[in-house]
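Here is the structure we will look at, set down as structure tokens.
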Amino acid sequence: MLKGPIEFCFFSGTGNTSLAVSRMSAVFQAHGLEVHMRPIEDTDPTTLPAEGTLGLACPAAAFTTYPMVWRFVRNLRPGAGRGVFFMCTMGGSTGGLVGPMKGLLGRRGYKPLGACRLVMPGNFMLKGRSIPTESATIAKAMIKADAFAEALFEDRAKWVRIFGWPDLVAALIANDRPFRSMRKKLAMSVDQASCTHCGLCVSHCPVGNIRMVDFPIHSDRCELCMRCHGICPANAIRIGGKKYPQYYAPSAESPRPVQQ
Ligand SMILES: Cc1cc2nc3c(=O)[nH]c(=O)nc-3n(C[C@H](O)[C@H](O)[C@H](O)COP(=O)(O)O)c2cc1C
């Protein structure tokens, strides 16, 4: 049963997940529930208020999710029967995320209320962009987000857990490992000729991985969330040395939504 207040903790690199979180929050609020939207990067899981329902949301990344999200969940206080729901956004497949998240939260004493996966536009190493296709994908996902929020409110949401390979995938990769190897092959860097020194990438990196020396320098904690890439006003961030089209969800609250 969904109980207010809802502590809705989420991570969103390029705004897709935060669009869906806002949408679901609006449904909860329309039903009279208090909602606190809490970006994971600004939230201490050990001091999160213990009343009401816990909501979690994140993107799929490398068939799991970002290490910072797993760290957040592992550091939550024991649930003691508190209800929790989960929403994730993805380009196509979540791999070891939804079921293993249920398993982890269950082991930590939370009561799973429901989970939902939303297909959203891809944000990683794009070959090109089609704004009409992206808009249609987002519109469909928002309808699904509304329906999920209603199902949670009416206590009929489900959180399906398929045992087997998702758990195996999670056991292998729900940690820093895939990101360590991606960091090497797809290191983020700044094209000095394009960079305008605005510092947006430095101030908005969720893990404090970028520092301004003469130019922004990415250090070794990058989680490849693509926020720096999506918000750069000069499209100066390179992935593995290459330039790609930028993505930031339209109309999501962002430091600077990028117009294509
Ligand atoms: C490094 C990286 C890895 C990704 N891996 C997956 C994946 O394994 N499966 C998938 O469906 N989408 C994957 N995506 C796409 C994102 O999950 C999708 O675009 C998501 O909606 C982005 O959410 P955000 O805008 O809130 O960050 C990946 C994106 C990035 C940046």
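The values are calculated or read from the model by the stated rules, or taken from the named source; none is laboratory data. This is a predicted model, so every value here is computed, not measured. Don't worry about glycine lacking a Cβ; one is built from the backbone with ideal geometry, like all the others, and counts go over all protein chains shown.
Across segment 8-38, the number of residues qualifying as away from the ligand (no atom under 11 Å from the Cβ) and outside any helix (DSSP H, G or I) comes to 10. Summed over segment 115-141, residues that are within 10 Å of the ligand (Cβ to nearest atom) and of a type in the set (A, V, I, L, M, F, W, C) total 8. Scan segment 91-114 and give yes if some residue there is at pLDDT 95 or above and either within 11 Å of the ligand (Cβ to nearest atom) or under 11 Å from the mean Cα position of the chain (by Cα) (or both), otherwise no. Yes, because at least one residue in segment 91-114 is at pLDDT 95 or above and either within 11 Å of the ligand (Cβ to nearest atom) or under 11 Å from the mean Cα position of the chain (by Cα) (or both).
Only one of the listed residues (59, 5, 45) is more than 18 Å from residue 157 (Cα to Cα) and either within 12 Å of the ligand (Cβ to nearest atom) or hydrophobic (A, V, I, L, M, F, W, C) (or both). That residue is 59. Summed over segment 39-65, the residues that are part of a strand (DSSP E or B) and surrounded by fewer than 22 Cβ atoms within 10 Å (Cβ to Cβ) give a count of 1. Considering only residues in segment 102-156 that are among the aromatic types (Phe, Trp, Tyr) and surrounded by 20 or more Cβ atoms within 10 Å (Cβ to Cβ), the one that is nearest to residue 230 (Cα to Cα) turns out to be 148. For residue 187, state whether it is within 16 Å of the ligand (Cβ to nearest atom), modelled with pLDDT under 90 and farther than 15 Å from residue 246 by Cβ. No; evaluated as a whole, the condition is false for this residue. Residue pairs whose Cβ atoms lie under 9 Å apart, separated by 6 or more positions or on different chains, with the first residue in segment 224-250 and over 24 Å from residue 135 (Cβ atoms) and the second part of a loop (DSSP other than H, G, I, E, B) and basic (Lys, Arg), are 236/243; 237/243. The residues of segment 66-84 that are farther than 21 Å from residue 28 by Cβ and part of a loop (DSSP other than H, G, I, E, B), listed by number, are 66, 75, 77, 78, 80. Evaluate segment 68-89: report whether one residue or more is within 15 Å of the ligand (Cβ to nearest atom) and surrounded by fewer than 20 Cβ atoms within 10 Å (Cβ to Cβ). Yes - at least one qualifying residue is present in segment 68-89.
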